[in-house]
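Contents: one structure, followed by commentary.
The values are calculated or read from the model by the stated rules, or taken from the named source; none is laboratory data. Small disclaimer: the values here were computed from a predicted structure and weren't measured. Because the Cβ atoms are built from the backbone with ideal geometry, glycine has one as well, and the counts that use them run over all protein chains shown. Only protein heavy atoms, including side chains, enter the accessible area calculation; ligands, DNA and RNA are left aside. Shrake-Rupley method; radii C 1.70, N 1.55, O 1.52, S 1.80 Å.
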Amino acid sequence: MATDQRTHQPTFPSGSNTLYILYGVIILLVLGVGYLLYKNIASNKEFEQERSQLRETIRKNQLTNDQQQLQFGMKTFVWAVRNALLHNKPGEINEYFNTLIKDRGIKEMLLVDPAGQVTISTNKKNQGIAFASRFPAYLLQQQDIYFKENVLYELSAPVTSPNKRLGTLIMFYKSAPILPDSSVAN
């Protein structure tokens, strides 16, 4: 029996075929990397949009919460100021103001008489001045507890007795940020 003793050598594609395969693999790798980069950029963009929406939702919720809490606080504080005014105890009101100003958010508290003069203020430079000369006059014209979002929250509340207005209580408040400023973080 005759056996074929030839050794089988593996056959390699010719040089040009090897080059085509190599280019094909490189093209596939470039396409794969390009796709991954595109997906990464798209994911980052989606993340930033979600982050912005979340920040806006948090800001709105904080504003709503601050407004409710500050208006409630003003309402109860007006009662204390009203009582002190009816009993002619301006020193007591000054003590209230000095205690409240220690809160980290309160920047200034003022009591303005019906004529528009600042009678008591946590900033002693403002005592005795015409309120409208340094502050927005619309704060004195409010008939109920008023809140306005600004750089500093503006609050005003009329202090009334049963038959007349005794004055207006004004507060300027700076809210504490819940989240760090995104423009500084990046």
Looking at ILE58, is it touching an Asp or Glu at 6+ places or on another chain (Cβ under 8 Å) and either surrounded by 13 or more Cβ atoms within 10 Å (Cβ to Cβ) or farther than 13 Å from SER156 by Cα (or both)? no
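Condition check ((1) more than 30 Å from VAL118 (Cα to Cα); (2) without any contact (Cβ under 8 Å) to a residue 24 or more places away in the chain; (3) in contact with a helix residue (DSSP H, G or I) (Cβ under 9 Å, 6 or more places away or on another chain)) across all residues:
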{"residue": "LEU22", "(1), (2), (3)": "yes, yes, no"}
{"residue": "VAL30", "(1), (2), (3)": "yes, yes, no"}
{"residue": "GLY34", "(1), (2), (3)": "yes, yes, no"}
{"residue": "TYR38", "(1), (2), (3)": "yes, yes, no"}
{"residue": "ARG55", "(1), (2), (3)": "yes, no, yes"}
{"residue": "GLN67", "(1), (2), (3)": "no, no, no"}
{"residue": "MET74", "(1), (2), (3)": "no, no, no"}
{"residue": "ASN88", "(1), (2), (3)": "no, yes, no"}
Working carefully through the options ILE106, ILE101, ILE170, ILE120, find the one that is surrounded by fewer than 18 Cβ atoms within 10 Å (Cβ to Cβ) and hydrophobic (A, V, I, L, M, F, W, C). ILE101
Yes/no for PHE77 being open to solvent by 70 Å² or more (accessible area, probe 1.4 Å) and assigned to a helix (DSSP H, G or I): no
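Going by the conditions given, is GLN69 open to solvent by 100 Å² or more (accessible area, probe 1.4 Å) and either over 25 Å from GLN142 (Cβ atoms) or basic (Lys, Arg) (or both)? Outline the logic, then answer.
Numbers: open to solvent by 100 Å² or more (accessible area, probe 1.4 Å): yes; either over 25 Å from GLN142 (Cβ atoms) or basic (Lys, Arg) (or both): no.
Criteria not met by GLN69.
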Flagged in the stretch 123-155 as surrounded by 19 or more Cβ atoms within 10 Å (Cβ to Cβ) and touching an Asp or Glu at 6+ places or on another chain (Cβ under 7 Å), in numbering order, are LEU139, TYR153
Starting from the stretch 124-140, keep only residues that are without any contact (Cβ under 8 Å) to a residue 24 or more places away in the chain and under 13 Å from GLU154 (Cβ atoms), then list their pairs with residues that are part of a helix (DSSP H, G or I) and open to solvent by 40 Å² or more (accessible area, probe 1.4 Å) whose Cβ atoms are within a distance under 6 Å, requiring at least 6 positions of separation or different chains. none
Just to be sure, is PHE47 of a type in the set (Phe, Trp, Tyr), surrounded by 10 or more Cβ atoms within 10 Å (Cβ to Cβ) and within 30 Å of THR119 (Cβ to Cβ)? no
Of the conditions (1) within 26 Å of the chain's Cα centre (by Cα); (2) open to solvent by 60 Å² or more (accessible area, probe 1.4 Å), the single one that SER175 does not satisfy is (2)
Sort through ASP4, ASP66 and tell me the only one that's charged (D, E, K, R), modelled with pLDDT under 90 and not in a helix (DSSP H, G or I). ASP4
